[in-house]
Amino acid sequence: MAAHASVPMTSRRAAPRPSRSVLAIPVVLGVVYGIWTAANQRNDGDTGILTGGQIVLGVVSGLVVAALGLCLLRFQSALPRELRAAAYGALFGSAVGFLFSLSDHSVLKSCGMGAAFGGAMLLASFYVFYTHEK
């Protein structure tokens, strides 16, 4: 009688996919971000019509934020909570810093505001991920 040692196979469950309503959140945020970007570009109080450059800037920045948000939402379960919080902080901080830079502030002040808001998002998201981890 031969004794065979077999290692039980562990099934690796696939990461849960976000629902459609959750996937709509980054898209809506991208649209709002694009409109906000185009409005910040016109911060001089001009009451005229939007220019083509302002529209292109709003559309492109909205698409970039929505795409990065969707990618982060899709792959967040593969990251440990520290990196996940850092990714949310980096996305939020860079988005706020870019919006702040469109309001004719210095690069240093824009980077400082982006870093402050990104750090706050890192801490808040880390707290949420740490307390709600299964």
Handout entry: Residue exposure sequence - His132, His105 - by fewest surrounding Cβ within 10 Å
Key = His132, His105
Problem - Cα coordinate range in region 40-114, projected on the principal axes (Å, largest first) - result: 48, 26, 13
Practice task
Mind checking the full-extension length gain between Leu73 and Leu50? Use 0.36 nm per residue of separation minus the Cα-Cα distance, one decimal, nm.
Solution key: 5.0 nm
Fill in the blank from the handout: In Å, the Kirkwood hydrodynamic radius from C-alpha pairs for region 79-134 sits at 11.4
Practice task
Using only alpha carbon pairs under 8 Å that are at least six residues apart, calculate the relative contact order of region 79-134 and give it in whole percent.
Solution key: 48
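Values in this text are rule-based calculations from the coordinates and carry no lab data. Everything numeric here is computed off the predicted structure, so don't read it as measured data. No Cβ is skipped: glycine too gets one built from the backbone with ideal geometry, and neighbour counts run over all protein chains shown.
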